[in-house]
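First up is the structure itself, then whatever we jot down about it.
A short reminder: the numbers here are calculations on the coordinates, not readings from a lab. Computed from a predicted structure; not experimentally measured. Note that we place each Cβ from the backbone using ideal geometry, even for glycine, and neighbour counts take in every protein chain shown.
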Amino acid sequence: GNSVTQMEGPVTLSEEAFLTINCTYTATGYPSLFWYVQYPGEGLQLLLKATKADDKGSNKGFEATYRKETTSFHLEKGSVQVSDSAVYFCALEGGSEKLVFGKGTKLTVNP
Amino acid sequence: DAGITQSPRYKITETGRQVTLMCHQTWSHSYMFWYRQDLGHGLRLIYYSAAADITDKGEVPDGYVVSRSKTENFPLTLESATRSQTSVYFCASSGRGYHEQYFGPGTRLTVT
């Protein structure tokens, strides 16, 4: 079945540091891939998405590229801010309208 | 207000009681979903619905009941609450063919 594996957290960075959160997936066919973000006490918000191989999703300085050859969708940001502190979830949708989520990676950015 | 709302936001109940969590969306999205979020498990799908009067089980449906008589509402009922159902519950919706889901703010349920 479909599954998502993302790097274990927590991740702690200083402000302006470079961020990478790894995400790999297992799926049949051509899934759509997503990154969601959850700020403390809130629901999940869609951060970015990619629907086919080599697509790059981007939003708020975050980027992720759909790599079919490595089955990966790593999240990157060049310079993190304190306000980026949150839990980040990688997810895939494999044609059934249902999302399969990774377990989440907690990011803390210190000033 | 437009969007997806959940009520109550916080609920404490006793073991064995019935409790219903409400979810309402104003987008007329076809699909609606219920998840629970637990430390170490991420989000797990409980039930989902493709349209009014169409529901199906997700990964962890035992102990839960859903209904969807109207497109905009998708209540989740715990018929006899157990301590293992203490969790944060999220409702989500998506438009047919759009794949991405939009989440409500969550309900934190504690079963004592």
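Summarise the partner chain shielding of A:91-102 as one whole number: the mean count of Cβ atoms from other chains within 10 Å of each residue's Cβ.
5
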* Orphan Cys of the protein assembly as shown, criterion: no other Cys C-beta under 4.7 Å -> none
* Asked: Using alpha-carbon positions, what is the distance between the centroids of segment A:47-73 and segment B:1-43, in Å?
  -> 29
* How large is the dipole of segment B:33-102 about the Cα centre if only Lys and Arg carry +1 and Asp and Glu carry -1, each at its Cβ, rounded to the nearest 20 debye? -> 60
* Taking segment A:10-111, which GluC sites (Glu not before Pro) meet the DSSP loop condition and have no more than 14 other C-beta atoms within 10 Å? -> A:Glu15, A:Glu16, A:Glu42, A:Glu69
* segment B:11-112: GluC sites (Glu not before Pro) in DSSP coil with no more than 11 other Cβ atoms inside 10 Å -> B:Glu14
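Working out 0.36 nm times the residue gap between B:Asp56 and B:Thr82, then minus their Cα-Cα distance, what length gain in nm do you get to one decimal?
Details: separation 26, 0.36 × 26 = 9.36 nm, distance 2.20 nm.
In short, 7.2 nm is gained.
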* Asked: Which of the pairs A:Lys52/B:Lys11; A:Lys77/A:Lys98; A:Lys68/A:Lys98; A:Lys68/B:Lys11; A:Lys52/A:Lys106 have their Cα atoms more than 32 Å apart in this structure?
  -> A:Lys52/B:Lys11; A:Lys68/B:Lys11
* Would you mind getting me the FRET efficiency between A:Asp54 and B:Thr13? Use the beta-carbon distance for r and R0 = 35 Å, nearest 0.05. => 0.10
* Asked: Which of the trypsin sites (Lys or Arg not before Pro) found in segment A:4-74 are loop residues per DSSP with 16 or fewer other Cβ atoms within 10 Å of their Cβ?
  -> A:Lys52, A:Lys60, A:Lys68
* Asked: What FRET efficiency do you get for B:Asp38 and A:Ser83 if R0 is 30 Å and r is their Cβ-Cβ distance, rounded to the nearest 0.05?
  -> 0.70
* Structure fact -> Residues other than B:Gly16 with Cβ under 14 Å of its Cβ, Lys/Arg counted +1 and Asp/Glu -1, net out at 0
